[in-house]
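The values are calculated or read from the model by the stated rules, or taken from the named source; none is laboratory data. Keep in mind that what you see is a predicted model, and the values were worked out from it rather than measured. Neighbour counts are summed over all protein chains in view; Cβ atoms, including those assigned to glycine, are modelled from backbone coordinates with ideal geometry.
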Amino acid sequence: MEAYLVAIAIIAAIYVLLTLGLTLQYGLTGLVNFGHVGFFAIGAYASALLSLQGVPLVACFAAAAAIAALAAYPIGLVALRLRDDYFAVVTLGFSETVRLVITSERWLTNGVQGIPGIPRSFAGMGVGMPGALATLGAIALVCMAVALMLRRVVRSPFGRAIEAIRDNEDALRALGKDPARFKIQVLALGSALAGLAGAFYAHYITYLSPDQFIPLVTFYVWMAMIMGGVGRVSGAVVGALLLMLFLEGTRFLRDLAPDLISAVDMASVRLGAVGLALVVFTLFRPQGLMGDYTRR
Amino acid sequence: MTITRRLALGAAAGTLALPNVVRAQAETFRIGALNPITGAGSPYGTGMQRMIQAAVEAINAAGGVNGRRIEVFAEDTQTSPQAAVLAAKKLIEVNRVRAILGTWSSGVSLAVIPLTNEADIILMHTSGAPALSTPPANARNLGYRFQATNDRFGRAFAEIAVREGFRRPATMAFNNASGIGNTDGFRRAWAAKGNQNGEHVIYEPNQPSYRAELLRVLATRPDVIVMGSFLPDTTIILREWFQTGTPVKWIIPGWAANPQLVQALGPAVTQGIIAVESVSNEGAQAFAAYDAAHRRAMNNQPGAANAYAAMTWDMATTLALAIEQAKSFETAAINAAIRQVANPPGDQVASFAEGKAAIAAGRKVNFEGASSVLDFDQHGDVTPDFGAFFIEQGQINRRYIVKI
Amino acid sequence: MFGALLVAGIVHGLIIGLAALAVTLVFGIARFPNAAAGDTMTAGAYAGLAAHKASGSLLVAGGAAMVASAIVSLLGYLLVFRLLARRPVASLLVAAIGIAFLLRAALGLAFGHQQQVFQVPLAWPVEVMGLRIPPMDLTLAGVAACALAAAFGVLYLTSIGRQMRAVADDPDLARVSGIRPLRVMVALWLLAGAAAGIAGLMLGVKTIVSPEMGWEGLLTAFAAAILGGIGSPAGAVLAGLLLGIAQEVSTPYVGFTYKIALAFVVMLAVLLVRPRGLLGRVEGLR
């Protein structure tokens, strides 16, 4: 049981990291990124491929974050020129293009056959619980560090500037600040977090294939952020945990009452519940569970 | 099914007991049924799961293994590696299963096998990817493949193409591991016979039109197109092809060229298609038992409709016989016994009950399964026979069997 | 071969164009990219399939597809989008994604995940000026032409159509001119839904019907709407045709797997070079 809980906790922590990235981009800055999974994929593949070349894992993780951030740079340049809605469509297209490139460039990614046998993180600590706990510890530390950093960012001049981009970009410009620089920085930073999450994912699952990086993952992260509370660091954590509870909880629902709903219908029910959560929270509780009641 | 029914009733009656507690009276041997109930594998997953349960019912009715009942815990892979990993973790850690049976797609099996290796338990799957035969995936030799590899499928395609006298085959593959594996296997085997390979096109799923792909292939004037495809894309491609009016023959895997395809397209379009499928061991006694069970559990559908369900039926039976042979519940002993009970020489047996009696009498047994004769090579792979089925006037008729 | 690809591209393009029309109408008037348009198409395809099974007539199927999708689309507006009118565009987008998922889940529960097909007679091609054209392509092109004619008739020949275009041009000016927004919005969502329904029906007849079919084509429809110029119905259809033809004709050169990415690249290029698209008005960019 413990190992299963640890496994869920690791996946949940990966979603926390993804959600924190999106919180920075959308929650704090207002960038509507519908292509989060693309950066997640870039990080995962970058780290996996490097590690298979014998690069030490620490360097792989750093490279995953850096490469995802670099990939965000041109998207950031595009973002400067586009309205929110266009940007959303462009990023969605970007993530699908990333998936197509992974699918097509067999020389690099082994295409649809996927990459098996990726080194497991903390393999040196032995297989099973010690290694898994170490992985969980590492990713939890990273999450905490990122959360603390984001909290500080919110209170810093940089944080006030990016929140101004969200709330009133023209006012920011009138103050003589350049929103473009901030946007690119925020996009790169959020994508680096997604890339880092991808590295953790790659070295935990140990097998990557393009069909793991479909847009649904992006919307899972959106769901976590919206349920938890847009723009709240605590909301990202609570939202990601709720998401995992929901995704894994449906398994036990079937263990307890298998005749209630067939497994085939369960997939539809799960998708429908994600949809319902997105609609209901947007309509009735846009501030999320952990949201600030005084604002918006 | 009776177990789950009782569980549901128990829960409904408000006992509020956890499932593990309810059934804790006698120690059981626990196995996991990890099948693609939803996602791309959904046409097969439910049947696969039911047949594991049905085979286990038969095993328990014959007195169980080494005096213990087998207990099945079922999970859905959603045909997705991430969901499958968590499901496998749950089976291993929460339900404490000692073997996992019935993963279907290669991606899922490749993601799950590190976990089963780590937990020191057996994984029996129906995936085609060659990587599952060798290290790192099968480093501990705990993986067993009940399906032909994609490569063997390709070789069977080539045998049939030669036998039908085709000279200029082109290939079209769905862009996934299985689709490309089939056509690559064909092209290798075709070249190995000293022949020239024709045009090769890899196409993406979910396209509104495949005409560009099709015209590219047809422009090279092949006499046959060998497909590595699935049902939806095959439906669309054959439809578009028929409307081009170009005569060509088709060799298509049996999971795509099936009765649903005939129903969707009608007899005129499907006339003369050659469907290739690893044939279930249809003459065998084991198949008759499986077929009866499949009809009972699946609304009177014939067992031949789902070759993967025959494989999962065999998985449960093979595993149970190996436990009986090993006289142990330890993985190492069971693993060592699998080839003993499945491979020749030995008395051919068709069911667990029969095999159990023979083992008790001290004889060496050779289980002949419903899906194939089930002889595992050193990689844990089987080499089933392949059937060449011709679609004629809307009927899918088997003409001959190919052995590779 | 080029001619055959051109024909295929036109039929493919008409489907994209109809879907893009549904997207662009909503985009131009309700001011957000409706991500539920794809699954509205799917709903139309299933309704058309059921009607076709019952009646055997493609005409009846077309009517059923239009009505069903129009109702789905209107319900989306009345129950969700109307309540979000003053929220940031991201809220509308997220809600649209939510509706898309809900629709797909409902269709999956109602009809299952097995593929279904329209049982239409398939025939060998007819020769038209040396081109071999499948008769089904002619039928589908005819259906699309009728649907487009009807849509443009509503937009340009009726009073409600003029009001819709007025709101698209300048919502504030339209309001002070006494145009009742609710009536216009209801008409808009009905029309957009009907267009999506026909697109779904055509896609279903041409390929197969499954719960995922509409979502898969959504990105291409967005690309066509942007390429054509947001809010421009004629632009959407033109762009759909261009993209359809480009995807069919160019893929022998760029490779089959990148076929889908082509739409994205075109969209990105348009946004960066000519954000108002082919026939769009000058859009406020920031």
Considering region C:211-254, residues that are more than 30 Å from C:HIS113 (Cα to Cα) and within 12 Å of chain A (Cβ to nearest Cβ), and then whichever is modelled with the lowest pLDDT, we arrive at C:VAL254
Is at least one residue of region C:83-93 of a type in the set (Lys, Arg) and either under 25 Å from C:ALA151 (Cβ atoms) or crowded, with 19+ Cβ neighbours inside 10 Å (or both)? no
Expected output for region B:272-296 (first residue on the phi > 0 side of the Ramachandran plot, partner surrounded by 15 or more Cβ atoms within 10 Å (Cβ to Cβ) and not in a loop (DSSP other than H, G, I, E, B), Cβ below 9 Å, 6+ apart or cross-chain) is B:GLY272/B:LYS249; B:GLY272/B:TRP250; B:GLY272/B:PHE390; B:GLY272/B:ILE391
Item to check | Boolean, A:LEU187 is more than 28 Å from B:ALA111 (Cα to Cα), more than 14 Å from chain B (Cβ to nearest Cβ) and crowded, with 20+ Cβ neighbours inside 10 Å | outcome: yes
Sole miss for A:LEU175 among (1) closer than 12 Å to A:ALA65 by Cα; (2) at pLDDT below 95 is condition (1)
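Please tell me if C:VAL186 is more than 12 Å from chain A (Cβ to nearest Cβ), touching a Phe, Trp or Tyr at 6+ places or on another chain (Cβ under 9 Å) and either surrounded by fewer than 18 Cβ atoms within 10 Å (Cβ to Cβ) or not in a helix (DSSP H, G or I) (or both).
yes
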A careful count of residues in region C:66-122 that are part of a helix (DSSP H, G or I), basic (Lys, Arg) and more than 8 Å from every other protein chain (Cβ to nearest Cβ) gives 1
Here the qualifying pairs (Cβ atoms under 6 Å; residues six or more apart or on different chains; first in region B:59-75 and at negative phi and in a strand (DSSP E or B); second among the charged types (D, E, K, R) and buried (at least 16 other Cβ atoms within 10 Å of the Cβ)) come out as B:VAL65/B:GLU324; B:GLU71/B:ARG30
**Asked** Going by the conditions given, is A:THR23 within 11 Å of the chain's Cα centre (by Cα) and within 14 Å of another protein chain (Cβ to nearest Cβ)?
**Response** yes
Does at least one position in region B:363-382 carry a residue that is out of contact with any strand residue (DSSP E or B) (no Cβ under 6 Å at 6 or more places or on another chain), over 24 Å from B:ASP291 (Cβ atoms), touching a residue at least 24 places away in the same chain (Cβ under 8 Å) and buried (at least 19 other Cβ atoms within 10 Å of the Cβ)? no
Expected single match for in contact with a Pro (Cβ under 7 Å, 6 or more places away or on another chain), outside the structural domain of B:GLY254 (by TED's automatic domain parsing) and closer than 30 Å to A:ALA7 by Cβ among B:VAL108, B:VAL112 is B:VAL108
(1) more than 30 Å from the chain's Cα centre (by Cα); (2) modelled with pLDDT of 90 or more; (3) surrounded by 21 or more Cβ atoms within 10 Å (Cβ to Cβ) all hold for B:ARG211 apart from (2)
Expected single match for of a type in the set (A, V, I, L, M), more than 14 Å from chain C (Cβ to nearest Cβ) and buried (at least 23 other Cβ atoms within 10 Å of the Cβ) among A:ALA62, A:ALA68 is A:ALA68
_Among the residues that make up region B:333-347, is at least one of them of a type in the set (Lys, Arg), outside any helix (DSSP H, G or I) and assigned by TED's automatic domain parsing to the domain that holds B:GLY143?_
no
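So which helices (runs of 4 or more DSSP H) stay within region C:208-286 end to end and still have 3 or more residues that are closer than 21 Å to C:ILE198 by Cα and of a type in the set (A, V, I, L, M)?
Those helices (runs of 4 or more DSSP H) span C:218-228, C:233-254.
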Residues of region B:293-327 being part of a helix (DSSP H, G or I) and not hydrophobic (A, V, I, L, M, F, W, C), in sequence order, are B:HIS294, B:ARG295, B:ARG296, B:GLY303, B:TYR308, B:THR312, B:ASP314, B:THR317, B:THR318, B:GLU324, B:GLN325
For region B:243-275 the number of residues that are farther than 14 Å from B:GLY228 by Cα and either within 10 Å of chain C (Cβ to nearest Cβ) or not in a loop (DSSP other than H, G, I, E, B) (or both) is 17
Reported set for region B:116-146 where residues are part of a helix (DSSP H, G or I), crowded, with 24+ Cβ neighbours inside 10 Å and either over 17 Å from the mean Cα position of the chain (by Cα) or away from chain A (no Cβ under 14 Å) (or both) is B:THR116
Per the filter on region B:208-225, residues touching a residue at least 40 places away in the same chain (Cβ under 8 Å) and either in contact with a strand residue (DSSP E or B) (Cβ under 7 Å, 6 or more places away or on another chain) or at the interface with chain C (Cβ under 7 Å from one of its Cβ atoms) (or both) are B:GLU213, B:VAL217, B:THR220, B:PRO222, B:ASP223, B:VAL224, B:ILE225
Residue set B:ALA88, B:ALA84, B:ALA40; condition touching a Ser or Thr at 6+ places or on another chain (Cβ under 6 Å), modelled with pLDDT of 90 or more and farther than 24 Å from B:PHE287 by Cβ; output residue B:ALA84
Being assigned to a helix (DSSP H, G or I) and of a type outside the set (Val, Ile, Thr) narrows A:LEU5, A:LEU31 down to just A:LEU5
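Quick check on region B:147-199: of everything there that is assigned to a loop (DSSP other than H, G, I, E, B) and within 14 Å of another protein chain (Cβ to nearest Cβ), which residue is nearest to B:VAL279 (Cα to Cα)?
Once the filter is applied, the top-ranked residue is B:THR149.
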